[in-house]
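This report refers to the structure that appears directly beneath it.
Computed from the coordinates by the stated procedures, all read-outs in this text should not be read as laboratory data. If you're wondering where the values come from, they're calculated on a predicted model, not measured in any experiment. Here the Cβ is made from the backbone with ideal geometry for all residues, glycine too, and neighbour counts use every protein chain on show.
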Amino acid sequence: MSSTPLRIFASLPLQSEEQTRKLLDLENCIFDKRQRQVASIPKDWLLTDPPPSDQCNVFDIPRKCGMLSQRELEITETDDVSVILKNLSTGKWSAVEVTTAFSERAIVAHQLTNCLTEIWIEDALTRARELDAAFAEHGPVGPLHGLPISLKDQFDVAGKECTMGIASWIGRISAEDAGLVTVLKNAGAVLYVRTNVPQTLMRGETDNWVFGLTTNPHNRTLAAGGSSGGEGALVALKGSPLGVGTDIGGSVRIPASFNGIYGLRPTMRRMPYYGASNTFLGLEAIESTLGPMSRSLSGLAEFVRAVTTSNPSDVDPKVVEMPWREDMYQLKHIGGRDTKLCIAYYESDGVIMPHPPVRRAIQMTVAALRKAGHTVIKWEPYQHEFAHETIQRIFESDYGEDFDRIMAEAGEPLWPSIVHRSYPQITVWQSWQLNREKELFRKKTLEKWVATKDLTGTGRPIDALLCPMAPHAAPPHETFEYTGYTSIFNFLDLPAAILPVTRVDPALDVKDEGYLPKSDLDAKIYNMYTPDTFRDAPVAVQLAGRRFREEELLGICEVVDEALKAA
């Protein structure tokens with residue numbers, strides 16, 4: 001046995017010699033995994049002059065560090081995924097040079113934020129060379145030809161290790177590709193890295209024993225979000241043009257918002273999830289759904305279009321066979337992109353009061369929409385406290401047995417903030433009653449949505465619902481507590497998207513010292529705010545649409561985004 005002293009678990013209380021030995025073995029395993037990760041990084045791509053650890057904002061370093069050539073900067077600074085795909089499909093850029101550029105920038109991003117887990121540069125370049133050869137012979141291979149796509153550390157790739165940030169799973173080699181991986185490969189994509197996640201995935205902060213903490217590139221004292229936090233940081237630093245996360249309570253939308261990028265949580269079973277690693281496998285009351293993250297809305301649309309038109313129901317028995325509807329994306333069913341919309345909004349869910357920058361982002365969006373000639377009406381949130389409590393009861397219905405079984409495989413400790421359990425284990429019958437409560441809530445909300453047709457002036461119900469993503473921008477590490485602004489749409493199973501709007505501005509975002517909190521949690525979260533604490537943090541808004549209308553929601557998002565940019 002190695003005599004390496006405990007470091008990773010040194011702060012944990014050790015209850016016995018046997019536990020100490022298990023943790024020492026586990027730490028040695030983690031150390032070996034980290035060494036293997038370092039060995040997968042091309043040495044020529046290591047920063048010779050990395051920023052000091054106390055430098056908060058590292059957003060501009062990839063562009064200014066001198067590692068990337070002018071051509072590589074041109075490629076990676078192209079935010080519009082449609083432009084990248086066009087340049088690949090016409091031969092202006094080769095798959096090899098695009099893959100090389102994003103791979104190198106991803107490695108730089110990792111050195112700044114610790115955003116990566118698995119790194120497959122040589123495999124990716126081999127794939128890119130094959131795509132270039134195929135292009136020379138008969139043109140582009142699929143709708144995503146040559147596009148590097150990063151994956152959250154859940155999507156199994158045959159023959160590759162997939163730990164999902166769980167020490168118990170170190171050395172676990174995937175026997176076959178996840179359904180999404182099959183679809184992406186067939187569509188011509190290049191898979192080159194996987195990104196960091198929190199242990200168990202069920203946290204808004206990306207940290208685990210295996211790979212450590214991922215930080216926010218805009219301010220490294222702040223959270224990158226979770227559970228797709230590695231994706232958020234990587235895409236924000238332009239180390240990936242398009243990343244894939246997953247979302248069961250906000251895990252795409254939280255990191256998208258915190259890192260200042262776009263993200264989409266689709267309706268359950270619209271995207272192929274089969275074969276991906278996960279916790280809560282078998283839980284169907286609230287299912288996780290995968291979704292894209294990008295620096296452009298075009299990236300979200302290109303992903304959904306490519307996946308839904310690539311026969312995802314051939315690889316996932318749960319997927320609803322619903323190919324991309326271009327007319328809906330162009331909003332032709334309501335008169336086209338020039339049609340005036342009616343969007344409802346709320347600034348607070350009535351449970352936790354958002355911080356001043358978040359409310360300002362909502363007000364900016366409302367003002368931009370009205371300036372563009374659209375109608376905006378207020379929405380009264382419906383029983384959000386009940387919804388948040390019920391979804392937590394669903395998640396805790398096994399009293400943590402799923403987590404305990406996974407961690408017991410190697411004696412891995414649960415992350416300290418996960419240990420607390422608020423609700424008791426329940427029976428099957430009690431689980432059924434939670435499902436009944438959920439369905440009744442969905443019906444009441446649907447009735448409320450449909451009834452707005454009497455208020456919109458368009459003859460149809462509201463086109464979308466605008467609201468905060470969280471009560472705050474990216475918070476200091478280990479302080480994220482409330483997912484109610486995102487999990488409400490998992491509970492309702494409505495597609496929801498993130499649009500970046502602004503940044504925390506000390507001159508504009510003055511704290512209201514006279515606010516009277518509604519609860520201890522409301523007070524704790526509201527009192528967390530000072531402009532200096534959240535310096536440089538991006539602020540986004542959330543837009544939700546109707547079930548299985550991802551195309552419509554994305555089309556509406558583009559209208560809203562254009563209004564914001566024109567305001």
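For segment 45-132, the set of GluC sites (Glu not before Pro) satisfying both a DSSP loop assignment and a count of at most 14 other C-beta atoms within 10 Å is given as E77. Stretched out straight at 0.36 nm per residue, the stretch from K443 to T126 would grow longer than its current Cα-Cα span by 109.0 nm.
Each stretch of four or more DSSP H residues adds -39500 (n - 2.57); spread over every residue of the chain, this sum gives -11500 deg cm²/dmol at 222 nm. If you plug the beta carbon distance of D44 and Y399 into 1/(1 + (r/R0)^6) with R0 = 45 Å, you get a FRET efficiency near 0.35.
The lysines whose alpha-carbon is closer than 28 Å to the alpha-carbon of K444, local same-chain residues fewer than 8 away aside, are K318, K340, K378, K453, K518.
Using R0 = 56 Å, the C-beta based FRET efficiency linking Q37 and T339 works out to 0.65. Bridgeable lysines around K511 (alpha carbons under 23 Å apart, same-chain partners fewer than 8 residues away excluded): K524.
The calculated Kirkwood hydrodynamic radius for segment 379-489 is 17.0 Å, given to one decimal from all distinct C-alpha pairs. Checking every one of the GluC sites (Glu not before Pro) in segment 336-426 against DSSP loop status and a limit of 13 other Cβ atoms within 10 Å picks out E409. Note on E302, E176: ascending count of other Cβ atoms within 10 Å places them as E176, E302, the fewest first.
Loop-located trypsin sites (Lys or Arg not before Pro) across segment 416-525 with a Cβ neighbour count of 15 or fewer within 10 Å are R421, K511, K518, with loop assigned by DSSP. Rounded to 0.05, the FRET efficiency of the Q425 and E18 pair, given R0 = 30 Å and the Cβ-Cβ distance, is 0.65. Modelled label positions at E321 and Q433, each set 7 Å beyond Cα in the direction of Cβ, lie 4.0 nm from each other. Using every pair of alpha-carbon atoms in segment 207-334, split the distances into 5 Å bins beginning at 0 and state the percent of pairs per bin, rounded to integers. Reading the bins upward from 0: 2, 11, 18, 21, 19, 15, 8, 4, 1, 0. Backbone N atoms of segment 527-567 closer than 11 Å to the 7 Å Cα→Cβ label point of N57 belong to residues 535-538. Assign one of three labels to the chain, namely rounded, prolate or oblate, based on the Cα gyration tensor with a ≥ b ≥ c the square roots of its eigenvalues; rounded applies when a/c is under 1.5, prolate when it is not and a/b is larger than b/c, and oblate otherwise. Here the chain falls in the rounded category. The charge dipole of the chain, taken about the Cα centre with unit charges on the Cβ atoms of Lys, Arg (+1) and Asp, Glu (-1), comes to about 1160 debye, rounded to the nearest 20.
With the Cα gyration tensor of segment 135-267 giving a ≥ b ≥ c as the square roots of its eigenvalues, does the rule (a/c under 1.5 for rounded; else a/b larger than b/c for prolate; else oblate) give rounded, prolate or oblate? Oblate shape, in that a/c is at least 1.5 and b/c is the bigger or equal ratio.
Across the chain, the longest piece that holds none of the chymotrypsin sites (Phe, Trp or Tyr not before Pro) lying in DSSP loops with up to 14 other C-beta atoms within 10 Å covers 1-273. Counting only residues at least eight positions apart within a chain, or on another chain, the lysines with an alpha carbon under 23 Å from that of K64 are K43, K238. From least to most packed, judged by other beta carbons within 10 angstrom and beginning with the fewest, D54, D32 follow the order D54, D32. For segment 361-478, the relative contact order works out to 23 percent when only alpha carbon pairs closer than 8 Å and six or more residues apart are counted. Using C-alpha pairs below 8 Å separated by at least 6 residues, the relative contact order for segment 70-142 is 33 percent.
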